[in-house]
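Colleague: Next up is a structure, given as structure tokens.
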Amino acid sequence: MRRALTAVVLLTLLTITACTSGPSLENRGQVTASPGDSHHLTIGSAGFTESDLLAQMYAQLLNRAGYRTSLLTVNNRELYEPALESGQIDIVPEYAATFADWLNAKAHGADAEPVGSPDLGRTMTALRRLAAPRGLTVLPPGRAVDQNAFAVRADYARRHGLATLSDLGASKLKVRLAAGDECVRRPYCEPGLKKVYGIDITGVDPKGVGTTQAKRAVQEGRDQMLLTTTTDATLDSFGLVLLADDRHLQNADYVVPVVNRSRAGSERVAKALGRLNDVLTTQDLARLNQQVDSWRRLPSDVARAYLKDKGLLT
């Protein structure tokens, strides 16, 4: 029944978004209207563990603030972003640099120069400039960041004295990298590792970003390093450790709530969600992901326990 319901929701979103393109762009006058404060708010999730957890925490904090909430999972940004503009979804957890570049490409074409950068302030300025004409408000980022990251075997790091990507570049070791096939052209991946760190990448093994196959390839020594994320909760179980991005190759992908201004742009919503910014760290997010992915706990239960532990729920 749940799958059938999801299919109906997705079909509805597809139908509506096929008939409209950027509804708030067609009604720019609404952008300056007073921020809305709807009593019932729909929080969107992108369908992966971390997004589910963040959506649950948003919902529970808003419930505590007196709102009624519902959650809607839409795996594809091409679907949930227009739904956010139209008000079918009121709030989504996003990532600053990634969302800025996505909106920039939507506005100016796929070949547009990226606007996301390692500088959080510049990234947020660009993101808010792109979001506002679409009727979206980007709330302040917190401390948690989910960036691309690179991991090696722990014993490999100890043997060669590696703690940072700069260490790896200085070591002159030859490195075969397990990553997505797009890594060969993305500036944060193979080209950036060579240019910024001087790492001798001998080839890219196209096993995906942070996949089990990629981790096993590094664990078994077939590859020396893999592309994953800073909130990957399973590295320890494969005997892997992250190398610090000490020269800031990666963009500022801090967690940010994005809201439909006309329905959820009030100060009360911002205050409720802002309470999470004071406590949630990158390390917290990794541990929460682990509880869902490795311990098989429900995202709603993990979110509730965390918020209670931090004194945000009673």
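Colleague: When only C-alpha pairs under 8 Å and at least 6 residues apart count, what is the relative contact order of the chain, in percent?
Modeller: Once normalised by length, the contact order is 26 percent.
Colleague: Using R₀ = 41 Å, calculate the FRET efficiency as 1/(1 + (r/R₀)^6) where r is the Cβ-Cβ separation of SER171 and ALA112; round to 0.05.
Modeller: Given R0 = 41 Å and the Cβ-Cβ separation, E is 0.65.
Colleague: Now, a different point. Where only protein heavy atoms count, and the probe is 1.4 Å, what is the accessible area per residue for region 59-135 in Å²?
Modeller: 41
Colleague: What does the charge count near ASN260 come to, summing +1 for each Lys or Arg and -1 for each Asp or Glu among other residues with Cβ under 14 Å from its Cβ?
Modeller: My count for the surroundings of ASN260 gives -2.
Colleague: State which entries of LYS172/LYS215; LYS174/LYS207; LYS215/LYS308; LYS271/LYS308; LYS194/LYS215; LYS195/LYS215 exceed 29 angstrom in Cα-Cα distance in the structure shown.
Modeller: As for pairs spanning more than 29 Å Cα to Cα, those are LYS215/LYS308.
Colleague: In addition: Return the distance in nm (one decimal) between the two label points of a simple spin-label model at ARG159 and ASP37, each offset 7 Å from Cα along Cα→Cβ.
Modeller: If labels sit at ARG159 and ASP37, their model points lie 6.2 nm apart.
Colleague: Also, quick follow-up: To the nearest 0.05, what FRET efficiency results for ARG128 and ARG77 with a Förster distance of 25 Å applied to their C-beta separation?
Modeller: After rounding to 0.05, the efficiency reads 0.90.
Colleague: What is the sum of charges, Lys and Arg at +1 and Asp and Glu at -1, for the other residues whose Cβ falls under 14 Å from the Cβ of VAL115?
Modeller: -1
Colleague: Identify the trypsin sites (Lys or Arg not before Pro) of region 144-246 meeting these criteria: DSSP loop state and at most 14 other C-beta atoms within 10 Å of the C-beta.
Modeller: Here the trypsin sites (Lys or Arg not before Pro) that fit, given the DSSP loop and packing criteria, are LYS172, ARG185, ARG222.
Colleague: Take each uninterrupted DSSP H stretch in the chain, measure its Cα extent along the helix axis, and return the ones at 20 Å or beyond whose mean Kyte-Doolittle hydropathy is at least -0.5.
Modeller: Counting only whole DSSP H runs, the qualifying helices are 2-19, 49-64.
Colleague: I'd like the FRET efficiency for ASP236 and ARG297, computed as 1/(1 + (r/R0)^6) with the beta carbon distance as r and R0 of 22 Å, rounded to 0.05.
Modeller: The value I calculate is 0.80.
Colleague: Hey, what's region 164-314 come to in accessible area per residue, 1.4 Å probe, Å²?
Modeller: 46
Colleague: Tell me, in nm to one decimal, what length is gained between THR202 and ARG304 on full extension, where the rule is 0.36 nm per residue of separation less the Cα-Cα distance?
Modeller: Result for the pair: 32.2 nm of gain on full extension.
Colleague: What's the local net charge at LEU235, with K and R +1, D and E -1, over the other residues with C-beta under 13 Å away?
Modeller: Every neighbour counted, the sum reads +1.
Colleague: I've got another one for you. At 222 nm, what helix-only mean residue ellipticity would the chain give, in deg cm²/dmol to the nearest 500, using -39500 (n - 2.57) for each DSSP H run of four or more?
Modeller: Rounded to the nearest 500, the figure is -13000 deg cm²/dmol.
The values are calculated or read from the model by the stated rules, or taken from the named source; none is laboratory data. Quick caveat: nothing in here was measured; it's all calculated off a predicted structure. Glycine also receives a Cβ, built like all others from the backbone with ideal geometry; neighbour counts cover every protein chain displayed. Each accessible area value is taken on the protein alone, full model and side chains, heavy atoms only, with ligands, DNA and RNA left out. Shrake-Rupley method; radii C 1.70, N 1.55, O 1.52, S 1.80 Å.
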